[in-house]
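Below: the structure, in structure tokens.
The values are calculated or read from the model by the stated rules, or taken from the named source; none is laboratory data. Values in this document were obtained by computation on a predicted structure and should not be read as measured data. Here the Cβ is made from the backbone with ideal geometry for all residues, glycine too, and neighbour counts use every protein chain on show. With ligands, DNA and RNA removed, areas are computed over all heavy atoms of the protein, side chains included. Shrake-Rupley method; radii C 1.70, N 1.55, O 1.52, S 1.80 Å.
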Amino acid sequence: MLPRNLRLQVALFVALAALIALPQAAKAQVPSLQKMGPELHVQVRLNPTGDAILGAWSSKNAGNLVPLLPEALGCQSGLKADENGGNAIRCSRALTKNGLALESVLDLAPIARQLDGSAAIELWVSSPRLGFETSSAAMNEEIDGPLVTRTVRFEAGVIPAPIKIKFGYEPAQLAGIYLPLLALAVLLTLSAALMSRAGFAGLALSAVLLGTMLWMCASAQFQADVPVRILLFGNPLANYAALFIDLWPPLFCVAIGVAIGSRMRVSSAGSATFGQVVTNYAVVPLILTSVVGALPLMGDDRWFTVACWLAAAPLYLILRRARNRSRARSSVRLMADGELWERVKALASGAGWRQAKLYISFSTRTQIANAFALPGKSIFLTAPLVQSLSKREVDAVVAHELSHSWRPNQSAWTALLFAMLLCETPVSEFVYLLPGGLFTAIIVPIAVFLGALYGSRKREFAADAYAAALTRDPQAMISSLARVARNNNQSLHMNPIMEWFSSHPSTRKRISILAAAARLNAAEVESLSNNNQPGEPYAIPSKESAAVVFSAAWQQANAGIYSWGLLLGSSGAGLLVAWLLHRFAGYGILPILCGIVLGCAFAKFVATTLRWLSYARLRQRLNQKLGVGGRLVGLAMDSEARVYGNFRFTDAGLLRFHEGRLCYQSECVTIALNPADVFQIGMVAAAPSNWFRRQPMVQFRNPESGQSHAFILHTLDWLPTQRKLLRAIESWRATAAERTSPESTIINGFNPVAGQQFRSPAIAVVARAFPITGGITLLAAIVICFIIKAQWQFVAWALVVTACAFTSMLLPAMLYRPASPSVEPAPHISS
């Protein structure tokens, strides 16, 4: 079972992989020849995009006819071999425009002359079923879904006359195409206006998703893009205009309706503007446009253009997020201490989460109270929510989000992709052939969509009940729901029909179910719902107080960088080594073993470099803040190998030798030791995540209190320099002992923290962490295989090297065993 946070990505990749294979099946839809006699079979497929496919097959003497195929099709340019192979060509300029119709002339005379009267010719012509289709020759006609297939047989020795095929629309026929779509556009606009007027502009996303599915089905049924393609035939903008007609109108209809409904409202609560709806939800048609636009290019091996198409939607999301954060003047901070953080950890532990992350969003322009779960077992809260709710209410909200364990409404997006697959890809041609296929293409995605929303509402009820049970405080859950709705100017009630299209049930219904489970009477529920005394809130640091350079939040962010380095380094190593084997060495035993070693080294290099760059930025910021130089080291206030909240050290600062003293300075700790204060130096095993895991340890005595303390210094350089640092400390101790330092010893902020024994991860844990890296490698390797035309061994060895590189990075932690408390003595350095 894949993790829940991967299901949407897997659905997207599976859909994309299916789409890559579909064009090949669609191109082969010309009638298959089960029994081939001596006659010549000529098959032609004419497309409304203006291109044509022509092939000739026979049991004998067909190969020498290939040079004649372009002449038979009248193709002067845009010619290439068809991807299906055999004796087939594809011509992108085989048709000509005549008003709102396309026509093609098939001249089989050169082929008939080449046969020398020795064989008959059987011609199959498939053209789209549009407003009209005509042929200058008498041919048998058969309706085949969205295609019209015509056949004719020319006996041996007959020289066929040129055949003109014409298909398209009369101007009067356009009303039958666009009037139904216009009616659907008006319906979408009115529905969105009524929804917005009732105060439910937040349902705009559901309206866009549902409207897009309906529009795609209607557009596919009426082939609304074909007149546009014919009208702009030969224009490079024809494809973009067709995609716009097929996918974008629902977004603009909903946006117009929301803007109209918002203006009709007396209150501004829940209002939205046309620009806000378009900006927020343009990613819906953009994803579809990117996939559908890239689909025909995959068969042409135009992979750079395909990559540009597929990158459009993620790039838009990144730019939109940056724009929204800039306009809202917002920032997000990872919390790692404080009363709220401790409470979240306790609730997460009660919910079965091993670890949890808490993010607080600060904004100077919006005061929306909101909360939701994020990938990676993280909770996101806005500062207005924390500041406006009591501690009990915030606890209830956090418990509610913990229960979700990041389970977004992925099925709604799956329904959209399913509708795209049935209506905007070559699959639609097969759907026509099935009994009730068109009905299925319309009803199934909508049913999946509404079912997904129903399931989402059920999960909200379950999350409310779970939060009440986890906190043992259903009253706080009820008051938090009511207070958040009031603070955001939202109604507690929702129209039942509107609720069908919402991922959340009405607040009043949620309160009623909680009250019934807790056996609260109506007076208590009313009092909780109208309670205007929030109580004592949690204290959270202000936005301006985020001046701390090194913190637990920074350590978590740095661990995330290392994780990305591990993921990208392992995947990149597998792909790089597989390409080198394919290009230069082959798949022999020795090259593969060398490739595995190279892959492990490459992954280590990438991950280490990314982490070192992060530490270099940290050192620069500490230099600027503290005003001193030195070497960046991590400080663990202990003499044995411990971990502190999954990290190897609790503080990071700058180490230097200054005026005969060993000086360490950070934002919280200041240490300045004279040689007489140090009584032992050695190496201890203190880095379970590194192959070089022994680090310098210093034991010293506080001259004022007489107490003995110890600390371990973790070197944070790119190369392992632990012993070099130990020799430098021992050299300082030997040379500085000859003179007495005039400076006194300084020990400030040195407060040892109790660490935990490190537990090596089990093989099963590592195996569960590999699917993401392996999945990325698998998909990338498949794409690269298409590009470089490699064999299946390329994919296999890419996965093998990736697995080895991934395991090698985690192997030190897996093999780590707690060392004895004995300290490896430092080498003696004579003065």
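Scanning residues 5 or more positions from L632 or on other chains, those with amide H under 5 Å from its amide H are L655, with H placed 1.01 Å from N in the peptide plane. Working from the Cα coordinates of segment 480-590, the gyration tensor eigenvalues give, after taking √(5λ), semi-axes of 54, 26, 13 Å in decreasing order.
Placing +1 on each Lys and Arg Cβ and -1 on each Asp and Glu Cβ, with no other charges, gives the chain a dipole about its Cα centre of roughly 1900 debye. Here the chain is treated as a Stokes sphere of Kirkwood radius computed over C-alpha pairs; at 20 °C and 1.002 mPa s its diffusion coefficient rounds to 66 µm²/s. Look at the dipole of the chain built from charges on Cβ: of S456, A311, L673, the Cα furthest out on the positive end belongs to L673.
Amide H contacts of V148 (H built 1.01 Å from N, in plane; Pro and chain starts excluded): S127, R129 sit under 5 Å, all sequence-distant by 5 or more or on other chains.
Our helix-only sum for the chain, with -39,500 (n - 2.57) per DSSP H run of n ≥ 4 divided by its residues, gives a mean residue ellipticity at 222 nm of -16500 deg cm²/dmol.
A cut-off of 5 Å between modelled amide H atoms, ignoring neighbours fewer than 5 places along the same chain, links T382 with S361, N370.
For the chain, with all protein chains in place and a probe radius of 1.4 Å, 60% of the accessible heavy-atom surface sits on carbon or sulfur. To the nearest ten degrees, helix 249-264 and the longest principal axis of the Cα atoms of the chain are 60 degrees apart. Note on the chain: dipole from Cβ charges, positive end direction compared against C804, N521, W792; the farthest Cα belongs to N521.
For segment 124-167, the percent of C-alpha pairs falling in each 5 Å distance bin, counted from 0 to the bin holding the largest distance, reads 5, 21, 33, 22, 11, 6, 3, 0. When you count the other C-beta atoms within 10 angstrom of each residue and take the mean per peptide, 450-461, 414-425, 505-516 line up highest first as 414-425, 505-516, 450-461. Candidates W579, N487, A238 compared by Cα position along the dipole of the chain: farthest toward the positive end lies N487, with charges placed on Cβ. Once the 1.4 Å probe is applied to the protein heavy atoms, the chain comes out at 48 Å² accessible per residue.
With semi-axes defined as the square roots of five times the eigenvalues of the C-alpha gyration tensor, the equivalent ellipsoid of segment 88-150 measures 24, 16, 11 Å, largest first.
Our coupling estimate for segment 470-478, obtained by passing each phi through the Karplus curve with A = 6.51, B = -1.76, C = 1.60 and θ = phi - 60°, is 5, 8, 6, 8, x, 4, 5, 5, 5 Hz, Gly and Pro reported as x. How big is D for segment 211-295, in µm² s⁻¹ as a whole number, if Stokes-Einstein is applied with the Kirkwood radius of its Cα pairs at 4 °C and 1.567 mPa s? My calculation gives 91 µm²/s for D.
In terms of the Cα gyration tensor, with a ≥ b ≥ c the square roots of its eigenvalues, is segment 635-740 rounded because a/c is under 1.5, prolate because a/b exceeds b/c, or oblate?
prolate
Working note: Karplus 6.51/-1.76/1.60 with θ = phi - 60° gives segment 638-653 the couplings 6, 10, 10, 5, 9, 10, 10, x, 6, 10, 7, 9, 9, 8, 9, x Hz, where Gly and Pro are set to x. Restricting the calculation to Cα atoms, segment 190-257 yields a radius of gyration followed by a Dmax of 14.4, 47 Å.
Converting phi to 3J(HN,Hα) with the Karplus coefficients 6.51, -1.76 and 1.60 and the offset θ = phi - 60°, segment 220-227 yields 5, 5, 8, 6, 5, 7, 5, x Hz in sequence order, with x at every glycine or proline.
By the Kirkwood approach, averaging reciprocal distances over each pair of separate Cα atoms, segment 657-816 gets a hydrodynamic radius of 19.6 Å. Start at zero, step by 10 Å, and the Cα-Cα distances of segment 528-662 spread as 10, 24, 24, 17, 14, 7, 2, 1 percent across the bins.
For segment 476-544, the alpha-carbon coordinates run over 45, 30, 18 Å along the three principal axes, in decreasing order.
Lacking any other cysteine beta-carbon closer than 4.7 Å, the following Cys residues of the chain have no compatible partner: C217, C253, C308, C423, C594, C600, C663, C668, C785, C804.
Working from the Cα coordinates of segment 149-229, the gyration tensor eigenvalues give, after taking √(5λ), semi-axes of 47, 13, 7 Å in decreasing order.
With N counted as the residues of segment 757-796, its alpha-carbon radius of gyration over 2.2 N^0.38 Å works out to 1.69. Viscosity 1.306 mPa s, temperature 10 °C: give me the Stokes-Einstein translational D for segment 76-189 in µm²/s, with Rh taken as the Kirkwood radius over C-alpha pairs. Value of D from the Cα-based Kirkwood radius: 95 µm²/s.
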